[in-house]
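The values are calculated or read from the model by the stated rules, or taken from the named source; none is laboratory data. What you are looking at is a predicted structure, and each value in this text was computed from that prediction instead of being measured. Cβ sites come from the backbone with ideal geometry, for glycine too, and all protein chains shown count toward neighbours. The area values use the complete protein model at the heavy-atom level, side chains included, leaving out ligands, DNA and RNA. Shrake-Rupley method; radii C 1.70, N 1.55, O 1.52, S 1.80 Å.
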Amino acid sequence: MAEFHPKTFAFLCNWCTYTGADLAGTSRMLYPADFRVIKVPCTGRIDMEFIIKAFEQGADGVWVSGCHIGDCHYNTGNYYAQRRWTIFRQELAFLGIDLRRLKFTWISAAEGRKFADEAAEFVNRITQLGPYNEFQSILPENREVESILGGVS
Amino acid sequence: MALSIHSDDFQTLLDSLREAGYRCVGPARDGTITKFKPIEQAGDLFLDEILTTVSPKEFFLAEHEAILSYRMKGKSDIELTTPSKEEYAPPTLVFGCRPCDAAGPDIVKSVMTWDYDDRFFLDRADSTVIAAIACVEADEACFCTSVELAPDSQTGADILLIPSSNSTGDTQEYSVTAITEKGRKLIDSTKGWKDGNPERASAIDEVKSNLKPSFDPAKVREWLDNGFDHEWWNTATLSCIGCGTCTYTCPTCHCFDIVDEGGQSEGVRVKNWDSCMMSLFTLHTSGHNPRPLKSNRFRQRIMHKFKYYPDLFERILCTGCGRCQRHCPVDMALKGLLEQIGRLAAETPDQVAAG
Amino acid sequence: MVISEADTTKIVNSLRVRAKELLESGEVKVIIGYGEGYTKGKAVPVFITDPGKTDQLIFDARCVNNLSMYLKHAEIKAMGKVGIVAKGCDARAINVLILESQFKREDIFILGVVCEGVGDPIEEQCKSCVANTPPVYDELFGEPIENQGWNDETFAKIEELESMTQSELWNFWVKEFDRCIKCYACREACPMCTCTRCITDKNQPQWVPTSPHSDGNYHWNLTRAFHLVGRCVGCNSCERACPMDIPLSLVNWKLIKAVHDEYEFIAGMDAETAPPLATYTEGEETDFIK
């Protein structure tokens, strides 16, 4: 059997973590590439629907990352995001979602090293957990999954 | 030859149905509600309730079904698949529904064969046998006798079981009538049925005589003919919350929505139940909504059931099951509203047109 | 029971008299209250515009519906100023709606009624009522009583679920939500669901699948509850309306508790305090974001 490569999404804020990823890249740091990055203007832009939709599209894990508290480009976006996720995580846990598959970090534009380390931690964790069979078992058949995530693994 | 069946023999019937290639669906508990579910063990049958929470209409008009799937095999090569009759319409016995539920598919069939033959509905109707059980109990929401049906009516049923006076606690004997050829064939190919003509339980006729018609559908239809703009719609429907529970639990409501789920490479076209009680139901792409108010939508529901459908097919689109009253969060009983219309028709026969 | 039968009769009588005055003077155009239902023993929402008909008004434990839900309906808004009979939970919902600019305080006249709980037997959420005396009213009917306050019993089932493993919880909810038929009665019965176009009715993109399959049902129920965070007053209208008996209140109350534990906030106690997801405290941090 071929080695398992998880299908994962990373929602990264444009100003900090995405730039941090750029820094990791230009600094030629190595990290596993088993995630598809979706750049958003701010973590405050991340609707909880994004996360559910990702799992609905067959994701095995979702990573959300933005500016440190106090560093938000729009001053307050990550404060709102933080509160939203605080409650959202509790709802997900209550409804039986595996929280190990959901990762939240703050990574600044200067933290290329942290980005590479967290990326490795995330991918390794999801790889170890394996495919998110539980969630995928409720997905209807014949719905497009591959074409969206096909290029990832 | 008169036939009967005893509840002790239900398991024999179920076993022989399986052998004969039928699946059996019957009333069963699902959490705190009851609905029609595939039954393998006679003990799972729950026949004590006046009426299940939802009607068995999902076995004719599925709550959700794929009607087409597509897959891109190359740039321009599309593979289309439609489900086969064997998949979506297996031979089925709907066992133990009430006569009002048995009448549902029979009434809806008129529209399903009208301008277009809905093969999903028709194939299922073809391969499904309905064995109804006459009612020995009714509650105040029941009004089958007002819509030309009865606690022991045969409309839509292929087999009618009439409870006999021979019952002891949990067991019950029924007299059996095969109404259609399909019903006769099922009885001939399965076991559990016996010769005999047990005495009809007196409760059935008590229910029948207690359940006096509470309105005259002909009078209602007459009023509706001219009552489209009547002020009554606005005041009578104020308390409606527009939830649509009435339409989803109704055995005759048959509106559906078609949605494509999927993307560029593959996907499915699905058919889901829909409801005229929701504003989105008639919302145009332009933003215009011909039925923007709940009074408009409620009027449509009553008009459809008691005027438009009878106009087209000479049948009332209602079986009097009363689920719309039992499940309404604000007690907007259809029966009560029709009684009001009946009174309006009697009071002001000449003023109606003027509104 | 603090409120005697005689008190109740007094409340109902004064409610009728005041409603009549309000309609006669033209101060309000319609009174939304409770009256006898068509089905024997049921109390239903009534809409009174004729001052001669305020004797229809009743108030007792059968008056379960949250009437504030009607304030979002176009038909009601078109009638002019509304007088509304409000129990604690209705009044709390009105506070949230005012806070969210759905209407102005002066657009409605609140006939607050003291309530000891509704339903027979008394509904679970009433045992933890924080507004037996409505927090907002123009006129109060009945003597103010002490609020019940949160009761461990109400949270017992939630705690029982929380002691389950993640997979057990998953299986429990998938099975419960599987009964959903997507009739959206929960949404329509909810005073807080004020969107003219619900997220599930938005199809470009289609965030929530409209199909009542396991995925669509799970996604819808997850979304419905989350959109009520910091807004839900726990009136149980959604669960009562659900024809499939899905225990929606368990999710709502889990989140009501989470919001209280995290931000010491209870929705609808006033119409000024910013809801927790629409505000923040400078410098606050959480431990799950590394």
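Suppose we keep only residues that are at the interface with chain A (Cβ under 8 Å from one of its Cβ atoms) and more than 14 Å from A:Y79 (Cβ to Cβ) within region C:268-290. Which one would you say is modelled with the highest pLDDT?
C:F288
Among the residues of region B:222-238, are any within 14 Å of chain A (Cβ to nearest Cβ), surrounded by fewer than 21 Cβ atoms within 10 Å (Cβ to Cβ) and on the phi < 0 side of the Ramachandran plot? Reasoning before the result, please.
Here is the first cut: in region B:222-238, the residues within 14 Å of chain A (Cβ to nearest Cβ) are none.
Within region B:222-238, not a single residue is within 14 Å of chain A (Cβ to nearest Cβ), surrounded by fewer than 21 Cβ atoms within 10 Å (Cβ to Cβ) and on the phi < 0 side of the Ramachandran plot.
Restricting the search to region A:87-111, which residues are over 16 Å from the mean Cα position of the chain (by Cα) and within 9 Å of another protein chain (Cβ to nearest Cβ)? Before the answer, list the steps.
So the first thing to find is which residues in region A:87-111 are over 16 Å from the mean Cα position of the chain (by Cα), and the list is A:87, A:90-91, A:93-96, A:109-111.
Of everything in region A:87-111, those that are over 16 Å from the mean Cα position of the chain (by Cα) and within 9 Å of another protein chain (Cβ to nearest Cβ) turn out to be A:I87, A:Q90, A:E91, A:A93, A:F94, A:L95, A:G96.
Being of a type outside the set (A, V, I, L, M) and on the phi > 0 side of the Ramachandran plot narrows it down to one residue among B:G196, B:G183; which is it?
On the way: B:G183 fails: on the phi > 0 side of the Ramachandran plot.
Result of the check over B:G196, B:G183: B:G196.
Among the residues of region A:50-75, count how many are surrounded by fewer than 20 Cβ atoms within 10 Å (Cβ to Cβ) and touching a Ser or Thr at 6+ places or on another chain (Cβ under 7 Å). I'd like the intermediate steps shown before the answer.
Quick first cut of region A:50-75, residues surrounded by fewer than 20 Cβ atoms within 10 Å (Cβ to Cβ) only: A:50, A:53, A:57-58, A:68-71, A:73-75.
Retained after the next criterion (residues that are touching a Ser or Thr at 6+ places or on another chain (Cβ under 7 Å)): A:68, A:71.
Qualifying residue count for the region: 2.
Quick check, is C:I98 at pLDDT 95 or above, open to solvent by 10 Å² or more (accessible area, probe 1.4 Å), touching a helix residue (DSSP H, G or I) at 6+ places or on another chain (Cβ under 6 Å) and not aromatic (F, W, Y)?
Working: at pLDDT 95 or above: yes; open to solvent by 10 Å² or more (accessible area, probe 1.4 Å): yes; touching a helix residue (DSSP H, G or I) at 6+ places or on another chain (Cβ under 6 Å): yes; not aromatic (F, W, Y): yes.
The answer is yes for C:I98.
Somewhere in region C:12-19, is a residue touching a strand residue (DSSP E or B) at 6+ places or on another chain (Cβ under 8 Å) and not in a helix (DSSP H, G or I)? Steps first, please.
Going residue by residue through region C:12-19, those that are touching a strand residue (DSSP E or B) at 6+ places or on another chain (Cβ under 8 Å) are C:12, C:14-15, C:18-19.
If we keep only those that are not in a helix (DSSP H, G or I) too, we end up with none.
Looking for residues that are touching a strand residue (DSSP E or B) at 6+ places or on another chain (Cβ under 8 Å) and not in a helix (DSSP H, G or I), one finds none in region C:12-19, hence no.
Could you say which residue among C:V208, C:V229 is touching a Cys at 6+ places or on another chain (Cβ under 9 Å), at the interface with another protein chain (Cβ under 9 Å from one of its Cβ atoms) and part of a loop (DSSP other than H, G, I, E, B)? Quick ask: steps written out before the conclusion?
Numbers: C:V229 fails: touching a Cys at 6+ places or on another chain (Cβ under 9 Å).
After ruling out the rest, the residue left standing is C:V208.
If you take the residues in region C:23-33 that are assigned to a helix (DSSP H, G or I) and not hydrophobic (A, V, I, L, M, F, W, C), which one is surrounded by the fewest Cβ atoms within 10 Å (Cβ to Cβ)? Working first, answer last.
Going through region C:23-33, the residues assigned to a helix (DSSP H, G or I) turn out to be C:23-25.
Okay, now just the ones that are also not hydrophobic (A, V, I, L, M, F, W, C), so C:24-25.
On the way: C:E24: 11, C:S25: 9.
Going through the qualifying residues, I end up with C:S25.
Mind checking which residues of region C:165-205 are in a helix (DSSP H, G or I), of a type in the set (D, E, K, R) and within 11 Å of chain A (Cβ to nearest Cβ)? Walk me through it before giving the result.
Looking only at region C:165-205, we keep the residues that are in a helix (DSSP H, G or I), and these are C:166-178, C:185-189, C:199-201.
Narrowing the set further to residues that are of a type in the set (D, E, K, R) leaves C:168, C:175-176, C:178, C:187-188, C:201.
Within region C:165-205, C:E168, C:K175, C:E176, C:D178 qualify.
Name the residue, out of C:K72, C:K157, C:K87, that is among the charged types (D, E, K, R) and open to solvent by 60 Å² or more (accessible area, probe 1.4 Å).
Numbers: C:K72 fails: open to solvent by 60 Å² or more (accessible area, probe 1.4 Å); C:K87 fails: open to solvent by 60 Å² or more (accessible area, probe 1.4 Å).
Criteria check complete, one pass: C:K157.
For region B:301-314, does any single residue satisfy the condition of being part of a helix (DSSP H, G or I), open to solvent by 50 Å² or more (accessible area, probe 1.4 Å) and more than 27 Å from B:G156 (Cα to Cα)?
no
With the requirement that a residue be part of a loop (DSSP other than H, G, I, E, B) and within 14 Å of another protein chain (Cβ to nearest Cβ), what does region B:316-330 give you? Full working, then the answer.
At the first step, the residues of region B:316-330 found to be part of a loop (DSSP other than H, G, I, E, B) are B:316-322, B:327-330.
Correct list: B:C321, B:G322, B:H327, B:C328, B:P329, B:V330.
Select from region A:116-130 the residues that are open to solvent by 40 Å² or more (accessible area, probe 1.4 Å) and within 13 Å of chain C (Cβ to nearest Cβ) and write down the one among them that is farthest from A:D60 (Cα to Cα).
Let us first name the residues in region A:116-130 that are open to solvent by 40 Å² or more (accessible area, probe 1.4 Å), namely A:117, A:121, A:124-125, A:127-129.
Next, only the ones that are within 13 Å of chain C (Cβ to nearest Cβ) stay: A:117, A:121, A:125, A:129.
Working: A:D117: 19, A:E121: 14, A:R125: 10, A:L129: 9 Å.
Ranking the qualifying residues of region A:116-130, first place goes to A:D117.
Scanning for something surrounded by fewer than 21 Cβ atoms within 10 Å (Cβ to Cβ), over 17 Å from C:G112 (Cα atoms) and at pLDDT below 95, does region C:5-22 turn up at least one residue?
yes
Tell me which of these C:E162 doesn't satisfy, since it passes every other one: (1) within 12 Å of chain A (Cβ to nearest Cβ); (2) on the phi > 0 side of the Ramachandran plot.
Tallying (1) within 12 Å of chain A (Cβ to nearest Cβ); (2) on the phi > 0 side of the Ramachandran plot, C:E162 fails exactly one: (2).
Taking only pairs six or more apart or across chains, which ones have beta-carbon atoms under 8 Å, a first residue in region B:51-65 that is under 14 Å from B:T34 (Cα atoms) and modelled with pLDDT under 95, and a second residue that is part of a helix (DSSP H, G or I) and of a type in the set (F, W, Y)?
Every condition considered, the pairs that remain are B:V54/B:Y248.
Just to verify a result, which residue in region B:241-254, among those that are surrounded by fewer than 24 Cβ atoms within 10 Å (Cβ to Cβ) and at pLDDT 95 or above, is nearest to B:S69 (Cα to Cα)? So that I can check it myself, show each step before the final result.
Of all residues in region B:241-254, those surrounded by fewer than 24 Cβ atoms within 10 Å (Cβ to Cβ) come to B:242, B:247, B:254.
Okay, now just the ones that are also at pLDDT 95 or above, so B:247, B:254.
Working: B:T247: 28, B:H254: 23 Å.
Per the criteria, the residue is B:H254.
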